[in-house]
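Report on the structure given below.
The values are calculated or read from the model by the stated rules, or taken from the named source; none is laboratory data. Here the structure is a predicted model, which means the values were calculated and not measured. Glycine also receives a Cβ, built like all others from the backbone with ideal geometry; neighbour counts cover every protein chain displayed. Surface areas here come from the heavy atoms of the whole protein model, side chains and all, with no ligands, DNA or RNA. Shrake-Rupley method; radii C 1.70, N 1.55, O 1.52, S 1.80 Å.
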Amino acid sequence: MIAILLGPPGVGKGTQAALAAESQGWTHLSTGNLLREEVAAGSDLGKQADEFMARGDLVPDEVMVGMVEERLKSIAMDKVLFLDGFPRTIAQADALAEQAPSGSIRVALYFAAPDSVLCSRLMGRGRADDTEEVVAHRLKVYHQTTAPLVSWYQEQGLLVEVDSDRDIDSIQTDLIQLTKKALEESSQLEGELNG
Ligand code: AMP
(Lines give C-alpha, C1' and ligand atoms only; values in the text may rest on other atoms or scores of the structure.)
Protein backbone atom coordinates (compact mmCIF):
# COMPACT_ATOMS: atom_id res chain seq x y z
CA MET A 1 0.00 0.00 0.00
CA ILE A 2 1.02 3.59 -0.49
CA ALA A 3 1.18 5.96 2.49
CA ILE A 4 1.58 9.53 1.29
CA LEU A 5 3.50 11.84 3.60
CA LEU A 6 2.24 15.40 3.38
CA GLY A 7 3.50 18.47 5.15
CA PRO A 8 5.74 21.52 4.92
CA PRO A 9 9.52 21.43 4.43
CA GLY A 10 11.36 21.01 7.71
CA VAL A 11 8.52 19.26 9.50
CA GLY A 12 10.63 16.11 9.88
CA LYS A 13 8.62 13.74 7.71
CA GLY A 14 11.72 12.51 5.84
CA THR A 15 13.56 11.64 9.04
CA GLN A 16 10.47 9.99 10.47
CA ALA A 17 9.78 7.97 7.33
CA ALA A 18 13.39 6.78 7.08
CA LEU A 19 13.36 5.62 10.72
CA ALA A 20 10.03 3.80 10.44
CA ALA A 21 10.96 2.18 7.12
CA GLU A 22 14.24 0.95 8.59
CA SER A 23 12.68 -0.58 11.71
CA GLN A 24 9.63 -2.09 9.98
CA GLY A 25 11.15 -3.26 6.71
CA TRP A 26 9.07 -0.81 4.70
CA THR A 27 10.12 1.26 1.67
CA HIS A 28 10.85 4.98 1.81
CA LEU A 29 10.81 6.84 -1.49
CA SER A 30 11.88 10.48 -1.20
CA THR A 31 11.77 12.49 -4.41
CA GLY A 32 14.03 15.12 -2.81
CA ASN A 33 16.65 12.43 -2.14
CA LEU A 34 16.31 11.06 -5.68
CA LEU A 35 16.83 14.55 -7.10
CA ARG A 36 19.84 15.22 -4.86
CA GLU A 37 21.38 11.94 -6.09
CA GLU A 38 20.87 13.06 -9.70
CA VAL A 39 22.47 16.44 -8.92
CA ALA A 40 25.44 14.76 -7.23
CA ALA A 41 25.87 12.40 -10.19
CA GLY A 42 25.85 15.36 -12.58
CA SER A 43 23.22 13.74 -14.82
CA ASP A 44 21.20 15.78 -17.34
CA LEU A 45 18.17 15.50 -15.11
CA GLY A 46 20.28 16.61 -12.15
CA LYS A 47 21.55 19.66 -13.98
CA GLN A 48 18.03 20.60 -14.98
CA ALA A 49 16.63 20.07 -11.47
CA ASP A 50 19.46 21.85 -9.66
CA GLU A 51 18.35 25.32 -10.77
CA PHE A 52 14.83 24.83 -9.46
CA MET A 53 16.00 23.29 -6.20
CA ALA A 54 18.61 25.97 -5.50
CA ARG A 55 15.89 28.63 -5.82
CA GLY A 56 13.42 26.70 -3.68
CA ASP A 57 11.07 26.25 -6.64
CA LEU A 58 9.37 23.03 -7.62
CA VAL A 59 10.86 20.87 -10.36
CA PRO A 60 8.32 20.69 -13.25
CA ASP A 61 5.50 18.16 -12.89
CA GLU A 62 6.40 16.14 -16.04
CA VAL A 63 9.89 15.44 -14.70
CA MET A 64 8.58 14.39 -11.29
CA VAL A 65 5.70 12.29 -12.58
CA GLY A 66 8.04 10.40 -14.93
CA MET A 67 10.53 9.83 -12.15
CA VAL A 68 7.95 8.37 -9.75
CA GLU A 69 6.13 6.34 -12.40
CA GLU A 70 9.32 4.46 -13.22
CA ARG A 71 9.89 3.52 -9.59
CA LEU A 72 6.28 2.60 -8.79
CA LYS A 73 6.50 -0.21 -11.33
CA SER A 74 9.30 -1.93 -9.46
CA ILE A 75 8.03 -1.62 -5.87
CA ALA A 76 5.90 -4.37 -4.30
CA MET A 77 2.64 -3.05 -2.84
CA ASP A 78 2.03 -5.77 -0.25
CA LYS A 79 4.12 -3.84 2.27
CA VAL A 80 4.20 -0.12 2.99
CA LEU A 81 5.60 2.40 0.54
CA PHE A 82 6.11 5.84 2.09
CA LEU A 83 5.92 8.48 -0.61
CA ASP A 84 7.84 11.43 0.83
CA GLY A 85 7.80 14.75 -1.01
CA PHE A 86 5.47 13.55 -3.75
CA PRO A 87 2.86 14.58 -4.75
CA ARG A 88 3.49 18.30 -4.25
CA THR A 89 0.90 19.65 -6.71
CA ILE A 90 -2.67 18.69 -7.60
CA ALA A 91 -1.42 17.68 -11.08
CA GLN A 92 1.07 15.27 -9.46
CA ALA A 93 -1.67 13.89 -7.20
CA ASP A 94 -3.90 13.29 -10.24
CA ALA A 95 -1.07 11.52 -12.06
CA LEU A 96 -0.34 9.38 -9.00
CA ALA A 97 -3.99 8.38 -8.67
CA GLU A 98 -3.82 7.11 -12.25
CA GLN A 99 -0.46 5.34 -11.98
CA ALA A 100 -0.84 3.68 -8.60
CA PRO A 101 -2.40 0.20 -8.56
CA SER A 102 -6.12 0.50 -7.91
CA GLY A 103 -6.90 0.93 -4.20
CA SER A 104 -3.23 1.08 -3.19
CA ILE A 105 -3.30 4.64 -1.83
CA ARG A 106 -4.60 3.97 1.67
CA VAL A 107 -3.62 7.01 3.74
CA ALA A 108 -2.22 10.53 3.54
CA LEU A 109 -0.34 11.27 6.75
CA TYR A 110 -0.26 15.00 7.30
CA PHE A 111 2.64 16.27 9.41
CA ALA A 112 1.68 19.63 10.84
CA ALA A 113 3.78 22.22 12.70
CA PRO A 114 3.79 26.04 12.84
CA ASP A 115 5.99 27.98 10.36
CA SER A 116 8.08 29.45 13.20
CA VAL A 117 9.19 25.94 14.21
CA LEU A 118 9.88 24.97 10.58
CA CYS A 119 12.09 28.00 9.87
CA SER A 120 14.42 27.37 12.78
CA ARG A 121 14.64 23.65 11.98
CA LEU A 122 15.39 24.31 8.30
CA MET A 123 18.05 26.87 9.11
CA GLY A 124 19.77 24.42 11.45
CA ARG A 125 19.97 21.67 8.86
CA GLY A 126 22.76 23.11 6.73
CA ARG A 127 21.59 21.80 3.36
CA ALA A 128 22.55 23.77 0.23
CA ASP A 129 18.95 24.96 -0.23
CA ASP A 130 18.53 25.92 3.42
CA THR A 131 19.60 29.58 3.27
CA GLU A 132 17.20 32.07 4.82
CA GLU A 133 15.93 33.44 1.52
CA VAL A 134 15.42 30.02 -0.07
CA VAL A 135 13.74 28.66 3.07
CA ALA A 136 11.25 31.54 3.04
CA HIS A 137 10.54 30.87 -0.62
CA ARG A 138 10.08 27.13 -0.09
CA LEU A 139 7.54 27.78 2.66
CA LYS A 140 5.68 30.19 0.38
CA VAL A 141 5.62 27.65 -2.45
CA TYR A 142 4.42 25.02 0.01
CA HIS A 143 1.49 27.15 1.21
CA GLN A 144 0.47 28.17 -2.31
CA THR A 145 0.94 24.96 -4.25
CA THR A 146 1.22 21.96 -1.95
CA ALA A 147 -1.01 22.83 1.01
CA PRO A 148 -4.19 22.50 -1.13
CA LEU A 149 -3.46 18.76 -1.22
CA VAL A 150 -4.42 18.57 2.46
CA SER A 151 -8.08 19.28 1.72
CA TRP A 152 -7.83 17.27 -1.53
CA TYR A 153 -6.93 14.12 0.41
CA GLN A 154 -9.32 14.99 3.21
CA GLU A 155 -12.19 15.02 0.72
CA GLN A 156 -11.17 11.52 -0.31
CA GLY A 157 -11.29 10.36 3.30
CA LEU A 158 -7.57 9.55 3.32
CA LEU A 159 -6.19 12.29 5.55
CA VAL A 160 -4.81 11.56 9.01
CA GLU A 161 -3.01 14.29 10.95
CA VAL A 162 0.21 13.69 12.87
CA ASP A 163 1.07 16.39 15.41
CA SER A 164 4.71 17.02 14.56
CA ASP A 165 5.56 19.71 17.09
CA ARG A 166 6.68 17.01 19.54
CA ASP A 167 9.77 14.90 20.30
CA ILE A 168 11.02 12.47 17.65
CA ASP A 169 10.07 9.34 19.61
CA SER A 170 6.42 10.26 20.16
CA ILE A 171 5.99 11.13 16.49
CA GLN A 172 7.70 7.88 15.47
CA THR A 173 5.40 5.81 17.69
CA ASP A 174 2.34 7.51 16.18
CA LEU A 175 3.61 7.16 12.63
CA ILE A 176 4.19 3.42 12.97
CA GLN A 177 0.87 2.86 14.70
CA LEU A 178 -1.16 4.88 12.18
CA THR A 179 0.57 3.21 9.25
CA LYS A 180 0.02 -0.29 10.65
CA LYS A 181 -3.65 0.53 11.15
CA ALA A 182 -3.98 1.59 7.51
CA LEU A 183 -2.11 -1.54 6.43
CA GLU A 184 -4.45 -3.79 8.45
CA GLU A 185 -7.52 -2.10 7.02
CA SER A 186 -6.07 -2.48 3.56
CA SER A 187 -5.46 -6.22 3.95
CA GLN A 188 -8.91 -6.70 5.49
CA LEU A 189 -10.45 -4.99 2.51
CA GLU A 190 -8.43 -7.14 0.17
CA GLY A 191 -9.56 -10.27 2.06
CA GLU A 192 -13.19 -9.25 1.72
CA LEU A 193 -12.79 -8.56 -1.98
CA ASN A 194 -11.09 -11.89 -2.59
CA GLY A 195 -13.23 -14.05 -0.37
P1 AMP B 1 12.68 17.82 -0.27
O2 AMP B 1 13.90 17.04 0.08
O3 AMP B 1 11.44 16.97 -0.34
O4 AMP B 1 12.51 19.05 0.58
O5 AMP B 1 12.89 18.35 -1.77
C6 AMP B 1 13.96 19.23 -2.08
C7 AMP B 1 13.65 19.98 -3.38
O8 AMP B 1 13.47 19.03 -4.45
C9 AMP B 1 12.35 20.77 -3.36
O10 AMP B 1 12.54 22.06 -2.80
C11 AMP B 1 12.00 20.83 -4.85
O12 AMP B 1 12.80 21.77 -5.53
C13 AMP B 1 12.44 19.45 -5.33
N14 AMP B 1 11.34 18.46 -5.27
C15 AMP B 1 11.27 17.33 -4.50
N16 AMP B 1 10.13 16.66 -4.71
C17 AMP B 1 9.43 17.38 -5.64
C18 AMP B 1 8.17 17.23 -6.26
N19 AMP B 1 7.35 16.19 -5.97
N20 AMP B 1 7.78 18.17 -7.16
C21 AMP B 1 8.58 19.21 -7.47
N22 AMP B 1 9.77 19.41 -6.92
C23 AMP B 1 10.22 18.52 -6.00
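For this structure, a couple of remarks:
- For the range 34-135, convex hull volume per residue from C-alpha positions, Å³: 127
- Solvent-accessible area, 1.4 Å probe, carbon plus sulfur percent, for the chain: 50
- Length gained on full extension, R55 to A136: 28.1 nm, using 0.36 nm per residue less the C-alpha separation.
- Normalised by residue number, the volume inside the convex hull of the Cα atoms of the range 116-195 is 129 Å³ per residue.
- Between S164 and A112, the built amide H atoms are under 5 Å apart, and every one of these is 5 or more places off in sequence or on another chain.
- Here the chain is assigned +1 on the Cβ of each Lys and Arg and -1 on the Cβ of each Asp and Glu. Its dipole about the Cα centre then comes out at about 240 debye.
- When all alpha carbon pairs of the chain are counted in 5 Å bins from zero, the resulting P(r) reads 1, 7, 16, 20, 21, 17, 11, 4, 1, 1, 0, 0 %.
- According to the Cα-based calculation, Rg over Rh for the range 20-82 is 1.03, with Rh computed by the Kirkwood formula.
- Stretch gain in nm, segment K73-E22, where the contour uses 0.36 nm per residue and the Cα spacing is subtracted: 16.2 nm
- When each of K13/K73; K13/K47; K47/K79; K47/K140 is checked by Cα-Cα distance, pairs over 31 Å: K47/K79
- Mean separation of Cα contacts under 8 Å, 6 or more apart, over the residue count of the range 2-179: relative contact order %: 36
- Rg/Rh for the range 78-158 (Cα atoms only, Rh after Kirkwood) is 1.02.
- Rounded tilt (10° steps) of 61-72 against the dominant C-alpha axis of the chain: 40
- The residues of the chain present an accessible area of 51 Å² per residue when probed at 1.4 Å with all protein chains retained.
- Phi-based couplings in Hz for the range 47-54 (Karplus 6.51, -1.76, 1.60; Gly and Pro marked x): 5, 5, 6, 3, 4, 5, 5, 5
- Derived scalar couplings ³J(HN,Hα) [the range 84-101; Karplus, 6.51 cos²θ - 1.76 cosθ + 1.60; whole Hz; x for Gly, Pro]: 10, x, 8, x, 10, 9, 4, 4, 5, 5, 4, 4, 4, 4, 6, 7, 5, x
- Degrees, to the nearest 10: 132-141 long Cα axis against longest axis of the chain: 40
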